[in-house]
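K.L.:
Structure provided below as structure tokens; questions to follow.
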Amino acid sequence: MDDLPGIVVTGVSGRMGQMLAREVTASGKARLVGALERPGHDWVGRDLGACMGGAALGVTVEDDPLPAFARARAVIDFTAPAATVAFAGLAAQARAVHVIGTTGLAPADLEALEAASHHAAIIRAGNMSLGVNLLAGLVRKVAAALDADWDIEVVEAHHRMKVDAPSGTALMLGEAAAEGRGIALADNMESGRHGLTGARAPGAIGFSAIRGGDIVGEHDVIFAGAGERLVLRHVATDRAIFARGALRAALWGMDQKPGQYDMVDVLGL
Ligand SMILES: NC(=O)c1ccc[n+]([C@@H]2O[C@H](COP(=O)([O-])OP(=O)(O)OC[C@H]3O[C@@H](n4cnc5c(N)ncnc54)[C@H](O)[C@@H]3O)[C@@H](O)[C@H]2O)c1
Ligand SMILES: O=C(O)C1=N[C@H](C(=O)O)CCC1
């Protein structure tokens, strides 16, 4: 057991943090060598297993990232943008692989990640599931095959606690559509329609977000043409798909040089 590579999970009390801690512990491929929460969180200083309502795991929840990262080959981080940027600098210092699932990152955050990736591998994706990464490839192909008379709309649905929109997945799928069409997403994005919006801009890629209940994650990419409509859909029913992808990315990243990677690299798609 002791020779298995060590992994630290950040934001360990969160929806994804708990899922990740369970995935790493049960995998037989890695050891959980650290569990982090934000300072002041009531899990800090307690055994993680007990906090999650099960048997003791022998892993105490900590709030100081650097000593934890120094014990790890990889850090799996599904938290919030400010925390992720700070963790990127510290993971780079510890030369640990940083797997980032956090969404809602701003351009300045991405610049900070780029700087950190000169010192350690960073693997980041708005969605770590196999299905969504395959879907992105299909979306790119369909968008390349259809002309701009086909309107592209991305519709996503998530649980009521999600804080960012469009989702990271929706943006990934929008990027794939834009690449297929040979346009820049940033110049063609239409989202948050409300009121007297006027007609749809020709060639736009539209985004709509639904938030409610405990929806894990659903994404439709709609290609709407004259007299017909093509809909490509992914439905997530279990967060374990994201945790499995993240663990796979962490193990893969341990053999990579410093740099930025995504799940297409990890999955060899
Ligand atoms: N890429 C993917 O496949 C994927 C899948 C699911 C969720 N996500 C993203 O992961 C992120 C987290 O989602 P969630 O549903 O688990 O959210 P959540 O709110 O349940 O969990 C986030 C956790 O991070 C902790 N945290 C915040 N700042 C911290 C800090 N400085 N140090 C340590 N811990 C800190 C919070 O206390 C919380 O426990 C979101 O950005 C979400 O969009 C990505
Ligand atoms: O629950 C979330 O939050 C999710 N976030 C990712 C996104 O923004 O696309 C992946 C799906 C779940």
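K.L.:
Mind checking which strands (runs of 3 or more DSSP E) fall wholly inside segment 141-222 and carry at least 3 residues that are within 16 Å of ligand 1 (Cβ to nearest atom) and at pLDDT 95 or above? Quick ask: steps written out before the conclusion?
P.N.:
Values: elements: 151-158, 189-191, 205-211.
Counting at least 3 such residues, we get 151-158, 205-211.
K.L.:
Then there's this: Looking at segment 63-74, is at least one residue free of Cβ contacts under 8 Å to residues at least 60 places away in the same chain, touching an Asp or Glu at 6+ places or on another chain (Cβ under 9 Å) and closer than 18 Å to residue 246 by Cα? Steps first, please.
P.N.:
Going residue by residue through segment 63-74, those that are free of Cβ contacts under 8 Å to residues at least 60 places away in the same chain are 63-67, 70.
Checking which are touching an Asp or Glu at 6+ places or on another chain (Cβ under 9 Å) leaves us with 63.
Narrowing the set further to residues that are closer than 18 Å to residue 246 by Cα leaves none.
Scanning segment 63-74 turns up no residue that is free of Cβ contacts under 8 Å to residues at least 60 places away in the same chain, touching an Asp or Glu at 6+ places or on another chain (Cβ under 9 Å) and closer than 18 Å to residue 246 by Cα.
K.L.:
Next question, about the same structure. Determine whether residue 255 is away from ligand 2 (no atom under 16 Å from the Cβ), part of a loop (DSSP other than H, G, I, E, B) and surrounded by fewer than 17 Cβ atoms within 10 Å (Cβ to Cβ).
P.N.:
Details: away from ligand 2 (no atom under 16 Å from the Cβ): yes; part of a loop (DSSP other than H, G, I, E, B): yes; surrounded by fewer than 17 Cβ atoms within 10 Å (Cβ to Cβ): yes.
So residue 255 fits the description; yes.
K.L.:
While we're here: Yes or no: residue 246 out of contact with any Asp or Glu (no Cβ under 7 Å at 6 or more places or on another chain), open to solvent by less than 70 Å² (accessible area, probe 1.4 Å) and either away from ligand 2 (no atom under 16 Å from the Cβ) or assigned to a helix (DSSP H, G or I) (or both)?
P.N.:
The answer is yes for residue 246.
K.L.:
Since residue 216 meets every condition but one in (1) touching a Phe, Trp or Tyr at 6+ places or on another chain (Cβ under 8 Å); (2) within 16 Å of ligand 2 (Cβ to nearest atom), which condition does it not meet?
P.N.:
Of (1) touching a Phe, Trp or Tyr at 6+ places or on another chain (Cβ under 8 Å); (2) within 16 Å of ligand 2 (Cβ to nearest atom), only one is false for residue 216: (1).
K.L.:
Can you tell me which residue is modelled with the lowest pLDDT among those in segment 230-269 that are among the small types (Gly, Ala, Ser) and away from ligand 1 (no atom under 14 Å from the Cβ)?
P.N.:
We begin by selecting, within segment 230-269, every residue among the small types (Gly, Ala, Ser); these are 236, 240, 243, 245-246, 249-250, 253, 259, 268.
Add one more test, that the residue is away from ligand 1 (no atom under 14 Å from the Cβ), and what stays is 253, 259, 268.
Numbers: 253: 98, 259: 98, 268: 95.
Filtering segment 230-269 for residues that are among the small types (Gly, Ala, Ser) and away from ligand 1 (no atom under 14 Å from the Cβ), the one modelled with the lowest pLDDT comes out as 268.
The values are calculated or read from the model by the stated rules, or taken from the named source; none is laboratory data. Source: prediction; values computed, not measured. No Cβ is skipped: glycine too gets one built from the backbone with ideal geometry, and neighbour counts run over all protein chains shown. To get the accessible areas, we keep the full protein, side chains included, count just its heavy atoms, and leave off ligands, DNA and RNA. Shrake-Rupley method; radii C 1.70, N 1.55, O 1.52, S 1.80 Å.
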